[in-house]
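Report on the following structure.
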Amino acid sequence: MAAEKVQPKEFEKTPYFEACVPIEVLAERGRQTMQFGPMKPVGLKDPRTGIEPAAVVQLRTENIHRTCYNLVGFQTKLTYPEQKRVFRMIPGLEQAEFLRYGSLHRNTFINSPQLLMNPLQFKARGSLFFAGQLVGVEGYTESAAMGGLAGINAARALAEQPLITPPLTTAHGCLVSHVASSDPRYFQPMNTNFGLFPPLAKSPKDKEQKRRALSQRALEDFDAWKMQSRLS
């Protein structure tokens, strides 16, 4: 928390996306905050002792030769010299060679609830479709899903076929609904999450059972929708 940080420019002074908060900002929220975020140790018991640690730093391989690793969840605005100093304080990384330092980027997105209809079609010009992260989603899968739907609907528009949107009960459909139907005054990008799904008629009390039931309903409804829409 005391390390030197890069001072943001005026256009960068916007709220952080909660899934990509800088590690030092998480630390400022409380001593244990990181233990419930990127340093969560759940399921990572020490194979030698069987003990689950209080916190872990996960390393993700970045190349096929397994010679480069990424510090998972350590996006940061610390200056480069401070990153080198602070991250080498982590046990096991004292002699680490840093090939690339951490950084943050600012995503640009449109006010989709104000500008788009559900099939990702621009309200003011029916031949224009928006796709990917630009519509206000976060994540590679979510961005690709929006691109796929925009492409399908653009093709259907050229063929003078009705435009389509996946059912609201599916991950794809409820994310599109969030993009197109949220309050435009407070619209912010969103990942796919179970909180977007419509509630079940009879919801199990157990969290995992509820998620399985939501997932099963989504898969069944998506398959039925594909058949109706003649999608392969």
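The values are calculated or read from the model by the stated rules, or taken from the named source; none is laboratory data. Being a predicted model, the structure only gives us computed values, none of them experimental. Neighbour counts run over all protein chains shown; Cβ positions are idealised from the backbone, glycine included.
Points worth noting:
- The single condition among (1) in contact with a helix residue (DSSP H, G or I) (Cβ under 9 Å, 6 or more places away or on another chain); (2) outside any loop (DSSP other than H, G, I, E, B); (3) not charged (D, E, K, R) that Pro119 does not satisfy is (2).
- Odd one out for Lys40 among (1) among the basic types (Lys, Arg); (2) surrounded by 14 or more Cβ atoms within 10 Å (Cβ to Cβ); (3) more than 21 Å from the chain's Cα centre (by Cα): (3)
- Only residues that are surrounded by 13 or more Cβ atoms within 10 Å (Cβ to Cβ) and either hydrophobic (A, V, I, L, M, F, W, C) or over 27 Å from Arg106 (Cα atoms) (or both) were counted in region 54-71, giving 6.
- Taken over region 154-189, residues that are outside any loop (DSSP other than H, G, I, E, B) and loosely packed, with under 13 Cβ neighbours inside 10 Å amount to 2.
For (1) exposed (fewer than 14 other Cβ atoms within 10 Å of the Cβ); (2) hydroxyl-bearing (Ser, Thr, Tyr); (3) within 23 Å of the chain's Cα centre (by Cα), each residue gets a yes or a no:
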| site | (1), (2), (3) |
| --- | --- |
| Asn193 | yes, no, yes |
| Leu196 | no, no, yes |
| Ala201 | yes, no, no |
| Pro204 | yes, no, no |
| Ala213 | no, no, yes |
| Asp223 | yes, no, no |
| Met227 | yes, no, no |
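- Residue among Gly132, Gly102, Gly139 that is outside the structural domain of Leu219 (by TED's automatic domain parsing), of a type in the set (Gly, Ala, Ser) and surrounded by fewer than 21 Cβ atoms within 10 Å (Cβ to Cβ): Gly102
- The single condition among (1) at pLDDT 90 or above; (2) in a loop (DSSP other than H, G, I, E, B) that Arg85 does not satisfy is (2).
- When each of Ala150, Ala157, Ala201 is tested for being out of contact with any helix residue (DSSP H, G or I) (no Cβ under 7 Å at 6 or more places or on another chain), closer than 24 Å to Ala224 by Cα and modelled with pLDDT of 95 or more, the lone residue that passes is Ala150.
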